[in-house]
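Trainee: Quick one: the structure is below, questions incoming.
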Amino acid sequence: MITEAAAAITATKQAFELLKVIKDARDEITITNAIGELREKISELQMAHAELSSLYLAEKQITMKLTEENAQIKMFALQSKDYEIYTTDAGSTVYRLKALPDSDIKTHYLCAHCFQKREISILQPTGKNIPTTKGRFWENFCPNCTTNILMHKMIPVKSNISALLPR
């Protein structure tokens, strides 16, 4: 961009020199030649202006994009400070909300995969419990990346059938 600006400045100086030649000249041929060269310099200046304008616009767009990305990173940093890494009963790694004093927000879990991509995605229950060698675990899924994650161990309920029967 600096070289383009320098070229435009040089062309401007040359155009002014040609104007001086036209002003001081008394010969018709000298004036005609100087006017032709002046037109060339004006064309060069117009081209340089167009090129500098497009470079400026491209730089402005990059600046706007970087400003937006920076704002998103700051927003994520602000949101993510309230979460900690957590290992579920099944051994899955997720992020969970830290215990915050005076907070009405209930504990919830975030997808670790999405969290690493600076995306907040709250895990949702599927309603299924999955048997493993360690026991049965409740399954959750990430609505963003559709990953299934085994969470909490299912507590077996021992039913006392006689207590359920009428007496």
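The values are calculated or read from the model by the stated rules, or taken from the named source; none is laboratory data. Keep in mind the model is a prediction, meaning the values are calculated, not measured. Note that we place each Cβ from the backbone using ideal geometry, even for glycine, and neighbour counts take in every protein chain shown.
Trainee: Give region 1-24 a look and list any residue that's exposed (fewer than 15 other Cβ atoms within 10 Å of the Cβ) and either in contact with a Phe, Trp or Tyr (Cβ under 9 Å, 6 or more places away or on another chain) or of a type in the set (A, V, I, L, M, F, W, C) (or both), or say none.
Mentor: The answer is 1, 2, 5, 6, 9, 16, 19.
A quick yes/no check of all residues on (1) among the polar types (S, T, N, Q); (2) touching a Ser or Thr at 6+ places or on another chain (Cβ under 7 Å); (3) part of a strand (DSSP E or B); (4) modelled with pLDDT under 85:
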residue: 91; (1), (2), (3), (4): no, no, no, no
residue: 103; (1), (2), (3), (4): yes, no, no, yes
residue: 125; (1), (2), (3), (4): no, no, yes, no
residue: 131; (1), (2), (3), (4): no, no, yes, no
residue: 140; (1), (2), (3), (4): yes, yes, yes, no
residue: 144; (1), (2), (3), (4): yes, yes, no, no
residue: 155; (1), (2), (3), (4): no, no, no, yes
residue: 158; (1), (2), (3), (4): no, no, no, yes
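Trainee: Looking for something over 21 Å from the mean Cα position of the chain (by Cα) and over 30 Å from residue 3 (Cα atoms) - is there at least one such residue anywhere in region 108-122?
Mentor: Checked against the condition, which is being over 21 Å from the mean Cα position of the chain (by Cα) and over 30 Å from residue 3 (Cα atoms), region 108-122 yields at least one hit.
Trainee: Being surrounded by 11 or more Cβ atoms within 10 Å (Cβ to Cβ) and under 30 Å from residue 117 (Cβ atoms) is the filter here, so list the residues in region 25-68 that pass it.
Mentor: If the condition is that a residue be surrounded by 11 or more Cβ atoms within 10 Å (Cβ to Cβ) and under 30 Å from residue 117 (Cβ atoms), then 58, 59 are the ones that fit.
Trainee: Residue check: is residue 42 modelled with pLDDT of 95 or more and not assigned by the TED database to the domain that holds residue 147?
Mentor: Working: modelled with pLDDT of 95 or more: no; not assigned by the TED database to the domain that holds residue 147: yes.
Spelling it out, it is not the case that residue 42 is modelled with pLDDT of 95 or more and not assigned by the TED database to the domain that holds residue 147.
Trainee: Looking at (1) within 29 Å of residue 146 (Cα to Cα); (2) assigned to a helix (DSSP H, G or I), which one does residue 119 not meet, given that it meets all the others?
Mentor: Going through (1) within 29 Å of residue 146 (Cα to Cα); (2) assigned to a helix (DSSP H, G or I) one by one, residue 119 breaks only (2).
Trainee: Kindly indicate whether any position in region 98-109 is in contact (Cβ under 8 Å) with a residue 24 or more places away in the chain and in contact with a Pro (Cβ under 9 Å, 6 or more places away or on another chain).
Mentor: no
Trainee: If you don't mind, there's one more thing I want to ask. Mind listing whichever residues of region 16-37 are modelled with pLDDT of 75 or more and closer than 22 Å to residue 51 by Cβ?
Mentor: Listed by number, the list holds a single entry, 37.
Trainee: Take region 56-87 and flag every residue that is closer than 30 Å to residue 136 by Cα and in contact with a Phe, Trp or Tyr (Cβ under 8 Å, 6 or more places away or on another chain).
Mentor: Scanning region 56-87 gives 83, 84, 85, 86.
Trainee: Further question: With the checklist (1) without any contact (Cβ under 8 Å) to a residue 40 or more places away in the chain; (2) surrounded by 10 or more Cβ atoms within 10 Å (Cβ to Cβ); (3) not assigned by the TED database to the domain that holds residue 4 in hand, flag the one item residue 133 doesn't pass.
Mentor: (2)
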